[in-house]
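**Student:** Pasting a structure below so you can have a look.
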Amino acid sequence: MKRKKNRTTGRKLFVVTAAALLAMTMASMLSGCGNQAAVDIQTESSDGLISVAFSEVGAESDWRVANSESMRTTFTEENGYEFYFEDAKGKQENQITTLRNYILQGVDYIVLAPVVETGWDEVLQEAKDAGIPVIVVDRMVDVEEEDLYTAWVGSDFKEEGDIAVEWLEEYLEEQGRADEEIQILHVMGTLGASSQLGRTEGLEEGVAVHDNWEIVAQLQGEYTQAKTYEVVSEYLAGSTDIDVIYCENDNSALGVIQALDEAGISYGTDGDVILISFDATTVGLTACLKGKINLDVECNPLHGPRVEQIILQIEAGETPQKLTYVDETYFTPDTLTEELIEERGY
């Protein structure tokens with residue numbers, strides 16, 4: 001399906017126009033045959049595709065890879081789109097440079113998965129001045145003026161943290177440990193990211209209302225297996241008095257599992273340490289099904305179709321909802337099957 005663009009792609013239009021002008025100049029010298037050439041150039045480039053440019057955080061986790069793939073498979077030429085993609089490699093400065101390049105190209109829409117929440121006012125103002133709608137996905141942006149972005153779609157990360165805390169309360173009650181001293185090791189994600197802030201806030205609020213819960217350390221796992229393995233291994237070398245490890249994504253949970261295995265510490269449904277994770281990707285749920293992860297709170301990465309719906313609303317002259325939260329759930333070993341994991345697709 002081809003859709004008519006409501007704006008033109010600046011860089012492409014400049015090149016086409018220059019070529020057309022050259023052809024018309026030649027036409028005045030060569031008895032007019034270049035006029036048709038100029039028309040052909042313009043016609044071939046006016047393909048009617050909507051240009052969508054996506055700036056992704058990186059590829060640091062299975063969740064992020066699934067998020068990128070969802071965009072790629074949604075914004076295809078067959079569906080009526082011209083898709084641009086840049087991996088920021090986890091650096092905000094890379095994203096800001098990428099966004100400015102997209103603005104110079106005059107793309108129709110910019111989709112931003114921000115590394116962190118702050119520091120976006122200037123570049124988003126530039127996009128607004130250029131008349132390019134910006135759709136933010138996953139993590140939020142903290143800007144002075146909300147009209148600097150058109151819409152946001154993603155998860156309620158604070159609610160995810162609340163879900164984990166509520167589950168832990170009930171699980172400890174079932175085990176007869178509700179009144180015991182509970183030592184919690186907290187492995188945080190990328191500092192300043194919405195997911196880190198929300199999940200951390202949920203845990204810290206939960207600890208604040210339980211006099212017998214204590215966060216013994218907060219480590220920076222950066223959402224990667226390698227970094228989490230490094231910091232947790234170092235911590236375990238000095239202390240193994242832990243009842244719960246609260247990991248802010250599945251790849252961090254895999255790093256924790258690796259460190260616990262090497263330290264000879266049992267965990268999961270049959271172990272001494274309760275392991276909590278987030279995202280519910282295939283790797284996380286597979287570990288959960290095996291009883292290695294006690295709880296995996298869902299964070300759905302398939303934002304491509306949701307972003308497309310927003311774009312179609314704008315194309316139709318409608319005003320999309322400013323904030324769209326994704327409905328999510330959680331998983332425990334007794335609620336999972338291999339078939340369920342395969343059906344989810346990420």
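The values are calculated or read from the model by the stated rules, or taken from the named source; none is laboratory data. Remember, it's a predicted structure, so these values are computed and weren't measured experimentally. Glycine also receives a Cβ, built like all others from the backbone with ideal geometry; neighbour counts cover every protein chain displayed. Calculation scope for accessible area: heavy atoms of the full protein, side chains included, ligands and nucleic acids excluded. Shrake-Rupley method; radii C 1.70, N 1.55, O 1.52, S 1.80 Å.
**Student:** Is there any pair linking a residue in region 117-131 that is free of Cβ contacts under 8 Å to residues at least 24 places away in the same chain to one that is of a type outside the set (D, E, K, R) and surrounded by 11 or more Cβ atoms within 10 Å (Cβ to Cβ), with Cβ under 8 Å and at least six apart or on different chains, and which?
**Tutor:** GLN125/LEU148; LYS128/VAL134; LYS128/LEU148
**Student:** Would you confirm whether any residue within region 75-95 is surrounded by 19 or more Cβ atoms within 10 Å (Cβ to Cβ) and of a type in the set (Ser, Thr, Tyr)?
**Tutor:** Yes, the conditions are met somewhere in region 75-95.
**Student:** Can you tell which of GLY345, GLY268 is within 18 Å of ARG64 (Cα to Cα) and in contact with a Leu (Cβ under 8 Å, 6 or more places away or on another chain)?
**Tutor:** One residue alone meets the criteria, GLY345.
**Student:** May I ask you to list the residues in region 133-142 that are open to solvent by 10 Å² or more (accessible area, probe 1.4 Å) and either under 19 Å from ILE103 (Cα atoms) or outside any loop (DSSP other than H, G, I, E, B) (or both)?
**Tutor:** Once the filter is applied, which keeps residues that are open to solvent by 10 Å² or more (accessible area, probe 1.4 Å) and either under 19 Å from ILE103 (Cα atoms) or outside any loop (DSSP other than H, G, I, E, B) (or both), region 133-142 yields PRO133, VAL141.
**Student:** Moving on. Could you tell me which numbered condition GLU146 fails, if it satisfies all but one of (1) out of contact with any helix residue (DSSP H, G or I) (no Cβ under 9 Å at 6 or more places or on another chain); (2) open to solvent by less than 50 Å² (accessible area, probe 1.4 Å); (3) within 25 Å of ALA88 (Cβ to Cβ)?
**Tutor:** Failed condition: (2).
**Student:** Let me ask you something else. Between TYR235, TYR246, which is at negative phi, of a type in the set (Phe, Trp, Tyr) and touching a Lys or Arg at 6+ places or on another chain (Cβ under 9 Å)? Show your work before the answer.
**Tutor:** Numbers: TYR235 fails: touching a Lys or Arg at 6+ places or on another chain (Cβ under 9 Å).
Going through TYR235, TYR246 in turn, just one is at negative phi, of a type in the set (Phe, Trp, Tyr) and touching a Lys or Arg at 6+ places or on another chain (Cβ under 9 Å): TYR246.
**Student:** Mind checking which residues of region 101-111 are part of a helix (DSSP H, G or I) and out of contact with any Asp or Glu (no Cβ under 7 Å at 6 or more places or on another chain)?
**Tutor:** Within region 101-111, ASN101, TYR102, LEU104, GLN105 meet the criteria.
Conditions tested, residue by residue: (1) in contact (Cβ under 8 Å) with a residue 60 or more places away in the chain; (2) over 18 Å from GLN196 (Cα atoms); (3) β-branched (Val, Ile, Thr).
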residue	(1), (2), (3)
TYR84	no, yes, no
GLY90	yes, no, no
VAL111	yes, yes, yes
VAL115	yes, no, yes
ILE135	yes, yes, yes
ASP147	no, yes, no
ALA151	yes, yes, no
ASP156	yes, no, no
TRP167	yes, yes, no
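One line per residue, one yes/no per condition, for (1) charged (D, E, K, R); (2) under 30 Å from LYS227 (Cα atoms); (3) modelled with pLDDT of 95 or more:
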| position | (1), (2), (3) |
| --- | --- |
| SER28 | no, no, no |
| ALA37 | no, no, no |
| GLU44 | yes, no, no |
| SER70 | no, yes, yes |
| TRP120 | no, yes, yes |
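**Student:** A further question follows. Of the numbered conditions (1) part of a helix (DSSP H, G or I); (2) among the acidic types (Asp, Glu); (3) within 23 Å of TYR171 (Cα to Cα), ASP241 satisfies every one except a single condition; which is it?
**Tutor:** (1)
**Student:** Would you pick out the residues in region 233-278 that are in contact with a helix residue (DSSP H, G or I) (Cβ under 6 Å, 6 or more places away or on another chain) and more than 23 Å from ILE163 (Cβ to Cβ)?
**Tutor:** Residues satisfying the conditions are SER233, LEU236, GLN258, ALA259, ALA263.
**Student:** In region 211-238, which residues are open to solvent by less than 40 Å² (accessible area, probe 1.4 Å), under 21 Å from VAL297 (Cα atoms) and in a loop (DSSP other than H, G, I, E, B)?
**Tutor:** GLY221, TYR223, THR224
**Student:** Please go through (1) surrounded by 21 or more Cβ atoms within 10 Å (Cβ to Cβ); (2) more than 13 Å from GLN225 (Cβ to Cβ); (3) acidic (Asp, Glu) for ASP279 and return the number of the only condition it doesn't satisfy.
**Tutor:** Going through the list (1) surrounded by 21 or more Cβ atoms within 10 Å (Cβ to Cβ); (2) more than 13 Å from GLN225 (Cβ to Cβ); (3) acidic (Asp, Glu), ASP279 breaks only (2).
**Student:** While we're here: Taking the stated definitions as given, is LEU185 outside any loop (DSSP other than H, G, I, E, B) and closer than 24 Å to GLU166 by Cα?
**Tutor:** Values: outside any loop (DSSP other than H, G, I, E, B): yes; closer than 24 Å to GLU166 by Cα: yes.
Yes: the conditions hold for LEU185.
**Student:** Next question. Specify the residue that is most open to solvent (accessible area, probe 1.4 Å); the eligible residues are those in region 309-331 that are among the β-branched types (Val, Ile, Thr) and in contact with a Lys or Arg (Cβ under 9 Å, 6 or more places away or on another chain).
**Tutor:** THR324
Here is a yes/no grid of residues against (1) surrounded by 18 or more Cβ atoms within 10 Å (Cβ to Cβ); (2) of a type outside the set (A, V, I, L, M); (3) in contact with a His (Cβ under 9 Å, 6 or more places away or on another chain):
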| residue | (1), (2), (3) |
| --- | --- |
| TYR246 | yes, yes, yes |
| GLY255 | yes, yes, no |
| VAL307 | yes, no, no |
| PRO333 | yes, yes, no |
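**Student:** Further question: Please state which of the following conditions ILE182 fails to meet, knowing it meets all the rest: (1) over 27 Å from LYS91 (Cβ atoms); (2) open to solvent by 10 Å² or more (accessible area, probe 1.4 Å); (3) touching a residue at least 12 places away in the same chain (Cβ under 8 Å).
**Tutor:** (2)
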